[in-house]
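See below for the structure under consideration.
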Amino acid sequence: MLGRFVAVVLAALQLVSITDAAEPKTQASGQTAGQTWSIAQTWEIDDVPASFRVGFCLLTNGTNQYVAYYNEDHQMVVACRRLDENQWDRVVLPSKVGWDSHNYITMAVDNRGNLHVSGNMHAVPLIYFRTDVPGQIQTLRSAAMTGEDEDRCTYPRFLQDANGNLLYTYRSGGSGNGRRLYNRFDSETGRWHRFLDVPLFDGLGQCNAYPIGPDQGPDGHFHVSWVWRDTPDCATNHDLSYARSVDLKHWETAHGRPLRLPLTPDQTAAVVDPVPSGGGIINSGIRMTFDRGNQPLLAYHKRDANGHMQAYVATPRKDRWLSHAITDWDEPILFAGRGSMPFIGIKVSTPKVVDEKSIVVGFQHQDHGSGRIVLDAETLRPVDRKVTIEREFPPTLSRVRIAFPGMQHRLATDIGASPNADERYVLRWETLGSHHDRRPPDPLPPPSKLQLVRLVRAATRD
């Protein structure tokens, strides 16, 4: 079959470890045309743990730049500099991470310039800090939000609604039994209030949702996709679903059918693919982007009728979702477990629209290595077509410098933006992979250098 032919052509000779922000290393069935960004400057910020994976945060806002991370002693730290200076100010916050890869850190700046920081949470009481003086991280103080449903918090995220109001969302409860709550910050009073009167997602005590988004798409709508999970075991994910909204309050299906809040597992109109529990889908394996017609495009994996794991794509067409496999591999991949999972044997990347005719989906597979599959943009079927893929980052960013088995590079892109459109920033460091949120066995690797890298737009090649 064509799917097998394309996948085999694209397969790399060996499996490589990459972060979610990176692209697969193989370029077969396509040619690389230089890179979008080049390294202009690098700062070493601090020593950070290399023994487990956890997310750090970079936020450029106006003339200030903030970095939130855990230092070598696992303490939460916020560092700040002015863009025209090389000197960093630091503040160590009263929060210390263990070995839990869930416990990333996130930040936001409100419309008065105050910094908000939250993180180090996996089913624990809310951890949240806010500055008293804009731009002065030494004034970061622990603060309260609404005071309700804040005893078991996970997955913090700041975002803005359609009117630019600062929002904060988190899961209240645990895996298999949780609700997603949304708060809105009033910068005039400095207080948080509920943005939604009910949770956005509610598993009704039977399961909980693992959403990707909501994110504002090119059509102005907010888009969210998710799976439900019955228990803390990641094998019990099921029912890939999707919804959209113009204001984060009124939600509908991809075909305009209204959905009631909270979004619950009995609202089958939101289902994209009714993958059963144990069907091979995992919450961390869903990727969403938009095609040239601004329609959502989902990539994921699940088992086929023969029990073999396949990569799939789905997009709304007319009155239904078009969903089909883009591989025809004949190997099963079995996974199960609790906590942050290491590589389960398969991963798909976010689909990339490379031209009017072609979409590319990257993959990693325990038997087929890593590569890219070229899809026809209209049919979403694999095609034997050469495409030009421009490398976004210089390959030196992905070079592992710590000589320790299993070490991988990490990148965190800027959730803010430089005032100069021809430059951008990323964080870079190295760690081992996730280890079910437990301390890895000895020996542990030495600490990694957390680096801030300034990139400038590469010169255009003729």
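The values are calculated or read from the model by the stated rules, or taken from the named source; none is laboratory data. Since this is a predicted model, take the numbers as computed values, not measurements. We place every Cβ from the backbone using ideal geometry, glycine too, and count neighbours over all the protein chains shown. Heavy atoms of the whole protein, side chains included, go into the accessibility calculation; ligands, DNA and RNA do not. Shrake-Rupley method; radii C 1.70, N 1.55, O 1.52, S 1.80 Å.
The lysines within cross-link reach of K318, meaning a Cα-to-Cα straight distance under 17 Å and a gap of 8 or more places when in the same chain, come to none at all.
A cut-off under 11 angstrom between Cβ atoms defines the neighbours of E188, and their net charge, with Lys, Arg +1 and Asp, Glu -1, is 0. A cut-off of 5 Å between modelled amide H atoms, ignoring neighbours fewer than 5 places along the same chain, links I127 with G119. Across the accessible surface of segment 50-196, with the other protein chains kept in place and a 1.4 Å probe, carbon and sulfur atoms take up 39 percent.
Helical content alone sets the calculated 222 nm signal of the chain at -500 deg cm²/dmol, taking -39,500 (n - 2.57) per DSSP H segment of four or more residues and averaging over every residue. Shape summary: segment 84-192 maps onto an equivalent ellipsoid whose semi-axes, from the alpha-carbon gyration tensor, are 23, 19, 12 Å in decreasing order. Ignoring lysines fewer than eight residues from K347 along the same chain, the ones with Cα atoms less than 18 angstrom from its Cα are K25, K302. Over segment 225-266, the Kirkwood radius and the radius of gyration, each from Cα atoms, give a ratio Rg/Rh of 1.04. Close amide H pairs (under 5 Å, H built 1.01 Å from N) link Q267 with no residue at least 5 positions away or on another chain.
With a 1.4 Å probe and every protein chain kept in, tell me what percent of the accessible surface of segment 360-462 is carbon plus sulfur.
So the carbon and sulfur contribution to the accessible surface is 48 percent.
Max-minus-min Cα coordinates of segment 260-401 on each principal axis give 47, 37, 32 Å, with the largest extent listed first. Summed over the residues of the chain and divided among them, the accessible surface reaches 43 Å² per residue at a probe radius of 1.4 Å.
Could you please state, rounded to a whole Å, how far the C-alpha centre of segment 259-294 is from the C-alpha centre of segment 205-238? Cα centroid to Cα centroid, the span is 6 Å. Peptides 383-392, 421-430 ranked from most to least packed give 421-430, 383-392, packing being the mean of other C-beta atoms within 10 angstrom over each peptide's residues.
Normalised by residue number, the volume inside the convex hull of the Cα atoms of segment 142-280 is 111 Å³ per residue.
Could you run the Debye sum over the Cα atoms of segment 370-415, one equal point scatterer each and no solvent, and tell me log10 of I(q)/I(0) at q = 0.27, 0.33 Å⁻¹, two decimals? These q points yield log10 I(q)/I(0) values of -1.04, -1.26. Restricting the GluC sites (Glu not before Pro) of segment 138-229 to loop positions (DSSP other than H, G, I, E, B) with no more than 12 neighbouring Cβ atoms within 10 Å leaves E148, E188.
Cross-link partners for K449 among the aspartates and glutamates, with Cα-Cα distance under 19 Å and sequence neighbours closer than 8 places in the same chain left out: E44, D46, D47, E72, D73, D89, D414, E430.
I'm a student and want to see the number: the projected area of the Cα convex hull of the chain, averaged over all directions, in nm².
The number I arrive at for the chain is 21.2 nm².
Karplus-based coupling profile of segment 333-338, in residue order and whole Hz: 10, 9, 9, 6, x, 10, with θ = phi - 60° in 6.51 cos²θ - 1.76 cosθ + 1.60 and x standing for Gly or Pro.
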